[in-house]
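Computed from the coordinates by the stated procedures, all read-outs in this text should not be read as laboratory data. Small disclaimer: the values here were computed from a predicted structure and weren't measured.
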Amino acid sequence: MLKISLLLCLIMASVSCATTPPQHSTLEQRIHAEPQANSPDEIAKRAAEVFASAPGLTDDQRKRLHTLYLKTYAESRDIRKDIGQMKSLLFKEAAYKRFNSKDMVELTRRIVEADQKRLNLMFAAFQEMQNIIGYGEDKKDIYDRLRDYDYPGNARR
């Protein structure tokens, strides 16, 4: 009887963990509905479209957002380049079986540090965007339009 009770509890726990909360499911659908931008040109084009079509922005705000985008994109591109080179060396060393533990640990640390720097840059840009656009419920339409904007260096590369 104890085994059956434990089995039922385990099944119920599995089912409850397997169901996706409605809010999460909606977010996942919105994320997957966003078109991918895989090249620098596609990302720049998307940014221009977003800034040009976001409702309620002044010309000054559009100009400041565009400047912010260009600055963030350039800094992020350099970080991504560095991360790519470090990853390449990491895998090359592993493939050639030249495992120097100290170097591997240092490469891994640097990759994580650079990626964190890239994320910090993205969140700082988002904060600056909020400073440019403003805060509050009256800005909801603007945030809805920009919510899933493909900032340079995000996870969808």
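How long are the three semi-axes of the equivalent ellipsoid for region 21-122, computed from the Cα gyration tensor as the root of 5 times each eigenvalue, in whole Å, largest first? Mind showing how you got there, number by number?
On the way: eigenvalues 248, 73, 31 Å².
For region 21-122, the semi-axes come out at 35, 19, 12 Å.
In the structure shown, do any of Lys45/Lys102; Lys81/Lys102; Lys71/Lys97; Lys45/Lys97; Lys45/Lys92; Lys63/Lys87 have a Cα-Cα gap over 31 Å, and if so which? Walk me through the numbers before you get to the answer.
Details: Lys45/Lys102 42 Å; Lys81/Lys102 23 Å; Lys71/Lys97 40 Å; Lys45/Lys97 42 Å; Lys45/Lys92 34 Å; Lys63/Lys87 36 Å.
Violating the 31 Å limit, Cα to Cα: Lys45/Lys102; Lys71/Lys97; Lys45/Lys97; Lys45/Lys92; Lys63/Lys87.
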